[in-house]
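The values are calculated or read from the model by the stated rules, or taken from the named source; none is laboratory data. Computed from a prediction, not measured in an experiment: that's the story for all the values here. As a convention, Cβ positions derive from the backbone with ideal geometry for all residues, glycine included, and neighbour counts pool all protein chains shown. Surface accessibility is based on the protein's heavy atoms, side chains included, excluding ligands, DNA and RNA. Shrake-Rupley method; radii C 1.70, N 1.55, O 1.52, S 1.80 Å.
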Amino acid sequence: MLYNYRQVKVVCSILIFTLLFAACTVVKNYPVNKPFVYENKIVLTGNVPKDEKKRLALDLVNYWDDSLKVLTVNKLSLFNLSKNTPFIYNRVIDKPPVYDSAAMSRSLLFMSSYLNSQGYYNFDIKADSVIIDSVKHQPQVRAKVQVSVSVNKNLSIDSVSFDSIINPVLREIAQKNKKESFLQKSKPFSNTLVSNELDRLVNLYHKNGFYKLTRENLYAEVDTIDAALLEVTLDPFEQAQKIAEAASRRKANPTIDVLIKQRPVADTNTLTRFYNGHVFYYPDTTRLKSIENDSIINNRFNIVKTTDNVTVKQNIAFVTIAPLIQHTYIEEGTLYDEQKYLKTLNTFSSLGPWNQVDSKIVQRKDSPQILDYHFFMIPAKKYSFGYDIEVSRNSGSIISGNLLGISNVLTLRNRNVWKRAIQSSTVIRGGVELGFTDTVLQTIQVSVSQTYSIPRLLTPWKIKNIKTLDDYNTILSLNGSYTDRLNFFRLRSAVAAFGYDWKKKNRGWILRPINIELYSLDTLDGLKNAFVTNPFLRTAFNTGYVVGENATFTIGWPNKHRPNTLNNFRFSAEESGGLVGALSKGIKDKVYQYIKFEAEFKKVVQWRKTSVGFRAFGGIGINYSNDPELGKSLPFFKQFVAGGPYSMRAWGIRQLGLGSSLLSDTNTTFRDRFGDIQLEANFEYRFPLFAIGSMKVKSALFVDMGNIWNLKNDVENPGSKLSLNNLWKDIAIAAGVGLLRLDFDYFLIRLDLAYKVKDPARLANGGWMSIKNFEWRNTEFDIRDGNGKMLNRNNYSLQLGIGLPF
């Protein structure tokens, strides 16, 4: 699909028109000749940090009384020329409430209570102004209300004490884990932190055997009295001076003491520590009503004793005992631990063979301190068939879907292979790759894959402390694919991998100690012609095998002080050819020898309506083979590429790079670029526009920076090797806007427009765009292909994508 200058101009005109005229406000169904709430505003001042001030301002908006809230909706109104509103969409206030002065007092009370809950007691809040205006030629009387809030330093915690907990065991556990407390000396105080601390303590006690203890058994007492005021004095002037000094200290540095206390209990079992007993499984339960019956034990189940101190009742006709035992985290004779109990329940639910899993904990009659566990499982259908339409992501590997492509996917699942809860997935995929550049249809791909996920780690040795992991599987996968890059090459591949996946809290590992990839390549006329003008391509496009291993580590974490911030880091490493000495000579000569590393960091800060996203990526691959037949660089299907809807969006897929090289930009045949090194950074500011029913229309402003390079020098392709001296010269920069982002909650469709702010292949102005001589096309290299067709070098790109770019 081609886009000419006129089309882009029209699109940009519509975008500018939208941004300029989207702020019109239309009032509907308003009370005639009565003041109604048209606008409310909070002005926040005070000696508090900027981020804290912004947080308070956003939260205080939620504490307007209902009679003072302005409910607005952004509605699409194309070509609506009535009532002087010729705008693409309007801010609509529908049925605004009549202004009520009493509502202002209630709003001030609500806001004051909120500030108190956040530890602010020394503040000034008042109704700053109420402006009532009439609208010319309309029976509207608009009320605009404003509240001024002046805050100073909030309360800080002076001390936290657990000494008031009566039970010595509870007190000892709390003191031992005091470092994990939400309440720390000199930190800001708020009621939310107190609530979180009480929840933490209850969870802590539930991990240490206190099965029946609840939140109601604990409470917090706070004290702001200055200790100096408790000193006895008979001099009234001295007492007055102490009061004044205390008030001055509280204003300059207000502090508070927090005491965690225990309420007296009527039931002595509340403070009793419980121990784990037997575990019973019912893997083919037909309905869960049996949980409510006292006669839980069914004669259809046979008792099985295991070496893991677990007594089991189970029906071996449906599933073997092994996967159940391996994923049971409850150990007989140990203290009750709610986390391990819930972990067992959740693991059973995620294993696959069961649609629903429920449980019942039974206190033994003969030994009241012993708890027995009964797990009831309703089986799912063993086989399922699915049909999906997928959109591939830019993953940097041509055989695994690095382009924007549409694929039809047929999937057959078996949820209980060999009665061992093994998950089997057979996937048949066929699709096309779309580039939206010179040629829309670029690639045709067909693949068949088979994957087995075994819920245990199959290793020659026994792994200690395996039950400290949250999830673990052994993965066996087989894949065969056929890729036709039209007029350039045909690639056939067969891939087999064996390895492990496991998680622990917020960390995840993927290890493939065996990874074998066989490739067969047919070079077509388009690629052969490209070898003439770019001989370096020949070293990447060759036939060989991959025999090695790979590993990936991921971790995600929120910001402790900003819970609306999410961070994610991924690191992966891949190696091939390290064990070629053990292979026969005929195979050894065809095995690629390389190492490859990737690192990626993502950060998203979410506010009430808007968000900011950041991504940084770096990757490098090193070919250490001395065999000229295996090339100087990585094989092309392992190299990095840039451009497209999920990368540098001002460039087409595989159309950026290498470095500041001009070879591919002046090539009339094969213009794809592959590199051994990639650096990239992306930034987005995301915001909503309006809603059409349940569909949300959003947009974004973004900047992309990066490029790809060769690791080794190529005299026939100058400027393609990474050099620190030329790094800034080689960096490409794009800026753009999300023209349209349709958010259906479960998926998002987006159309992004990006412009090349700095193009290493642009000769003029050091690669930078010129505002004075702005142009949509770069005509420095206007060349034509063999058929006389102009090869476009646009300074812009329209990118269609599914989901967020990162």
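Data overview
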| read-out | value |
| --- | --- |
| Residue in the range 162-183 that is surrounded by fewer than 13 Cβ atoms within 10 Å (Cβ to Cβ) and under 30 Å from LYS95 (Cβ atoms) present | no |
| Pair list, Cβ < 7 Å and 6+ apart or interchain, from the range 141-164 residues that are within 30 Å of PHE36 (Cα to Cα) to residues that are of a type in the set (A, V, I, L, M) and assigned to a loop (DSSP other than H, G, I, E, B) | ARG142/VAL135; VAL151/VAL48 |
| Per-region count, the range 758-776, residues in contact (Cβ under 8 Å) with a residue 40 or more places away in the chain and open to solvent by 30 Å² or more (accessible area, probe 1.4 Å) | 1 |
| In the range 118-129, the residues that are at pLDDT 80 or above and either surrounded by fewer than 14 Cβ atoms within 10 Å (Cβ to Cβ) or in a strand (DSSP E or B) (or both) | PHE123, ASP124, ILE125, LYS126, ALA127 |
| Filter result (small (Gly, Ala, Ser) and open to solvent by 50 Å² or more (accessible area, probe 1.4 Å)) within the range 332-353 | GLY333, SER349, SER350 |
| Residues located in the range 171-216, provided they are under 33 Å from the mean Cα position of the chain (by Cα), within 14 Å of ILE260 (Cα to Cα) and touching a residue at least 40 places away in the same chain (Cβ under 8 Å) | LEU183, ASN191, VAL194, GLU197, LEU198, LEU201 |
| Residue selected from the range 720-730 under the condition open to solvent by 20 Å² or more (accessible area, probe 1.4 Å) and touching a strand residue (DSSP E or B) at 6+ places or on another chain (Cβ under 9 Å), by the criterion nearest to ARG686 (Cα to Cα) | LEU727 |
| Given (1) open to solvent by less than 40 Å² (accessible area, probe 1.4 Å); (2) in a helix (DSSP H, G or I), index of the condition ALA102 fails | (1) |
| Where ILE653 falls short, out of the listed (1) in a strand (DSSP E or B); (2) of a type in the set (A, V, I, L, M); (3) at pLDDT below 90 | (1) |
| Residue count for the range 130-157, restricted to those that are assigned to a loop (DSSP other than H, G, I, E, B) and either at pLDDT 85 or above or buried (at least 20 other Cβ atoms within 10 Å of the Cβ) (or both) | 2 |
| Some residue of the range 10-27 being on the phi < 0 side of the Ramachandran plot, at pLDDT 80 or above and not hydroxyl-bearing (Ser, Thr, Tyr) | no |
| Failed item in (1) at pLDDT below 90; (2) under 30 Å from ASP267 (Cβ atoms), with ILE370 passing the rest | (1) |
| Filter result for ARG485 (in contact (Cβ under 8 Å) with a residue 24 or more places away in the chain, closer than 25 Å to VAL440 by Cβ and surrounded by 19 or more Cβ atoms within 10 Å (Cβ to Cβ)) | yes |
| Matching entry among ASN713, ASN773, ASN787 (being modelled with pLDDT under 90, of a type in the set (S, T, N, Q) and farther than 30 Å from GLN639 by Cβ) | ASN773 |
| Unmet requirement for ILE406, which otherwise passes all of (1) open to solvent by 20 Å² or more (accessible area, probe 1.4 Å); (2) at pLDDT 90 or above; (3) not small (Gly, Ala, Ser) | (2) |
| The one condition in (1) open to solvent by 80 Å² or more (accessible area, probe 1.4 Å); (2) of a type in the set (Lys, Arg); (3) modelled with pLDDT of 80 or more that LYS53 fails to fulfil | (1) |
| Considering residues of the range 605-628 that are of a type in the set (Ser, Thr, Tyr) and open to solvent by less than 50 Å² (accessible area, probe 1.4 Å) only, the residue modelled with the lowest pLDDT | SER625 |
| Test: residue in the range 422-438 that is under 29 Å from SER350 (Cβ atoms) and either open to solvent by 70 Å² or more (accessible area, probe 1.4 Å) or basic (Lys, Arg) (or both) | yes |
| Strands (runs of 3 or more DSSP E) fully within the range 689-806 counting 3 or more residues that are farther than 16 Å from TRP651 by Cα and touching an Asp or Glu at 6+ places or on another chain (Cβ under 6 Å) | 695-709 |
| Meets criteria (open to solvent by 70 Å² or more (accessible area, probe 1.4 Å), modelled with pLDDT under 90 and among the basic types (Lys, Arg)) for LYS503 | no |
| Residue that is modelled with the lowest pLDDT, among those in the range 569-604 that are part of a loop (DSSP other than H, G, I, E, B) and open to solvent by less than 60 Å² (accessible area, probe 1.4 Å) | LEU583 |
| LYS528 vs. criteria open to solvent by 60 Å² or more (accessible area, probe 1.4 Å) and free of Cβ contacts under 8 Å to residues at least 12 places away in the same chain | yes |
| Residue count for the range 308-328, restricted to those that are closer than 13 Å to PHE280 by Cα and modelled with pLDDT of 75 or more | 4 |
| Residues that are surrounded by fewer than 18 Cβ atoms within 10 Å (Cβ to Cβ) and either β-branched (Val, Ile, Thr) or in contact with a helix residue (DSSP H, G or I) (Cβ under 7 Å, 6 or more places away or on another chain) (or both), drawn from the range 682-711 | ILE692, VAL697, VAL703 |
| Answer from ASN713, ASN717 - the residue that is of a type in the set (S, T, N, Q) and in contact (Cβ under 8 Å) with a residue 40 or more places away in the chain | ASN717 |
| Single unsatisfied condition, GLY644 versus (1) of a type outside the set (Ser, Thr, Tyr); (2) at pLDDT 90 or above; (3) at positive phi | (2) |
| Residues satisfying the stated conditions in the range 373-389, i.e. touching a residue at least 60 places away in the same chain (Cβ under 8 Å) and open to solvent by 20 Å² or more (accessible area, probe 1.4 Å) | ILE378, PRO379 |
